[in-house]
Amino acid sequence: MSYRFTGLQSADSGSFNNSKLLQIHDTTMLTAGLSAGILQLQSFAGFGMFFAVYTFVNLLFISWLCQFRPGLYFSDPIHTIWVKNLFRELAGFIMTWTLAFTLVR
Amino acid sequence: MLPQSVLSLWEAIRTANEGPELLLDPDLKLWALIPISIVMILVGVAKQCIMVLVSPKSKTVPRVKLTEILYITKARVLLGNGSNLSSESFQMRQEYLAQVLSEGKYLAIKPNENEKAKIENPFTNSSMTDAMTSMAMGNLVNYIPQTIIMWWVNYFFAGFVLMRLPFPLTIRFKQMLQSSVMTDDLDVRWVSSMSWYIISMGGLTPVYNILLGGSNLDKLDVSAQQQQLSQIPGGPSPQDQMKSLANDITVFQHVSVLDDIEDRVLKLYS
Amino acid sequence: MSIISKSFYLIAWLQIIHSAVSSFEFHQVVKHIILENPDAQTPGLPVDIKLEAICGLIFFIVGKFVSYSKITHLTIRGEERIIEANQYLKLIALNKASNTDVLTNSDPYGEINYHPAFVDIHYKRKAYKEYINRKA
């Protein structure tokens, strides 16, 4: 266990930024699922839309809220922005996708 | 086993075999799909409220215990960052900490000479039992509604095809997703209400985050941090830790960054 | 910011709901066609419904991003003023993050710094006594 006081990170800021990112991911991906269901996308098209919207939202997040410097706000930007919430958002997307897909038909 | 299932899934996706189109009663949506969704969301919200009510008010660490932990941390910090101190101030701290730690002056539980050191039973510690009760309550609150909803869905909404999934699945899922539908050769995409329950189980986490504002997560983080402060059962006893740290500090070779600082600064600006 | 994002949300939801209803009605018509003539070629979803659903999603995403404004801090002790930071998120590096704490006069470690063991209690008592005497 090392106790060197260099490169310290603020846990407060970290959780603040993470909650902002999580909120953006949750709301946008649930809505993306709704539109995927309305568009009646099936199998690959639907998952393709998930990844397209996920990429779009992440690029928008990096360029708009992070001002192209995600390293200032996250200790591990790529992992936090792209991987950490992926399966949670995929599950939410599938749920709203299935719901809208069924309700619309 | 795995490659075969992956292959068959790939085959199912590639061919996109749609099978026969079924015409479902639109009332199924109104009387099965929407009630299940509403009940699941409401139960999730109620679960969160109960969790907040059940969770212990505030976890505290006794002051002596805190002093003990902080002194161990102080010794480690001195070993890690001691080079930033001048030789005199390091020596001062070195002597003091070595003495205090080897004496065991700030141990929370002073060892008895007559008695052998016993391994502490985690169940006798009051703060530990508190944490365990709250954990058990949390588990109960998590599992009881899950079982009840599962039974409810299985009992009231069994025996019909509710919806068609927008993505294909392998034949393996047939048993799980078409549990109460008595057809052998129906495409796996047509699923019963149980599968809507399963899909919502996974997908409702973001919905709760939006509905409840995600404020509960922060509280959990704080309690997790405080948990870290208290000692892990089974680790080395604080007395042993202090003894070994005292040894380390006594033999530590100190090199200060401030040695010959004047010469180096002069050289830098000459 | 809030009014702009809310109007974006409104447009987004109107579009999504409208496209959902249109899509629903379209599928009802398709079902009738199939019931009357099972061999009929079913048309795909009309382009305007598709565009509406995608447009609604894009409006929603933009509205979500617009709803975040740059962080402002209000000083806690001393003179009250608003400090504006040129960023939407909080900086992760501890030295930068504690800069804002210093600017707002906030002490995140107050529970330790003002712990009785770290406070000169005799001085405090004396100051309090003087204050009482001056009042009397």
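Observations on the model:
- Residue within segment A:91-98 that is hydroxyl-bearing (Ser, Thr, Tyr), assigned to a helix (DSSP H, G or I) and more than 9 Å from every other protein chain (Cβ to nearest Cβ) present: no
- Among residues of segment B:156-197, those that are facing another protein chain (nearest Cβ under 10 Å) and either touching an Asp or Glu at 6+ places or on another chain (Cβ under 9 Å) or surrounded by fewer than 16 Cβ atoms within 10 Å (Cβ to Cβ) (or both), counted: 3
- Residue within segment A:43-66 that is within 9 Å of chain B (Cβ to nearest Cβ) and either closer than 23 Å to B:Leu212 by Cα or outside any helix (DSSP H, G or I) (or both) present: yes
- Total residues in segment C:72-97 satisfying the condition of being among the polar types (S, T, N, Q), within 22 Å of the chain's Cα centre (by Cα) and facing chain A (nearest Cβ under 8 Å): the figure is 1.
- Evaluation of A:Thr31 against (1) more than 10 Å from chain B (Cβ to nearest Cβ); (2) touching a Pro at 6+ places or on another chain (Cβ under 7 Å) (one fails), failing number: (2)
- A single entry from B:Arg14, B:Arg93, B:Arg76 fulfils the requirement of being basic (Lys, Arg), over 36 Å from the mean Cα position of the chain (by Cα) and modelled with pLDDT of 80 or more: B:Arg93.
- Here A:Ser19 passes the criteria (1) assigned to a helix (DSSP H, G or I); (2) buried (at least 18 other Cβ atoms within 10 Å of the Cβ) except the one numbered (2).
- Checking segment B:143-155 against the condition returns a match, with at least one residue being more than 14 Å from chain A (Cβ to nearest Cβ) and either among the basic types (Lys, Arg) or more than 30 Å from B:Ser55 (Cβ to Cβ) (or both).
- Some residue of segment A:71-82 being crowded, with 20+ Cβ neighbours inside 10 Å and among the β-branched types (Val, Ile, Thr): yes
- Scope segment B:90-112; condition small (Gly, Ala, Ser) and under 17 Å from B:Thr250 (Cβ atoms); matching residues: B:Ala98, B:Ser102, B:Gly104
- A:Leu30 being hydrophobic (A, V, I, L, M, F, W, C), more than 30 Å from A:Leu8 (Cα to Cα) and in a loop (DSSP other than H, G, I, E, B): no
- If you go through segment C:1-34 and keep only what is closer than 20 Å to A:Leu39 by Cα and polar (S, T, N, Q), you end up with C:Gln15, C:Ser19, C:Ser22, C:Ser23, C:Gln28.
- B:Phe156, sole failed condition from (1) modelled with pLDDT of 80 or more; (2) under 35 Å from the mean Cα position of the chain (by Cα); (3) within 23 Å of B:Leu78 (Cβ to Cβ): (3)
- Yes/no for B:Leu101 being modelled with pLDDT of 80 or more, surrounded by 13 or more Cβ atoms within 10 Å (Cβ to Cβ), more than 14 Å from every other protein chain (Cβ to nearest Cβ) and more than 22 Å from the chain's Cα centre (by Cα): yes
- Across segment C:40-51, a minimum of one residue is classified as more than 9 Å from every other protein chain (Cβ to nearest Cβ), within 15 Å of A:Leu41 (Cα to Cα) and within 29 Å of the chain's Cα centre (by Cα).
- The numbered conditions (1) assigned to a helix (DSSP H, G or I); (2) crowded, with 18+ Cβ neighbours inside 10 Å; (3) in contact with a helix residue (DSSP H, G or I) (Cβ under 7 Å, 6 or more places away or on another chain) are all true for A:Gln40 except (1).
The values are calculated or read from the model by the stated rules, or taken from the named source; none is laboratory data. Worth saying up front: this structure is predicted, and the values here are computed from it rather than measured. Heads up, the Cβs are rebuilt from the backbone with ideal geometry, glycines too, and the neighbour counts pull from every protein chain shown.
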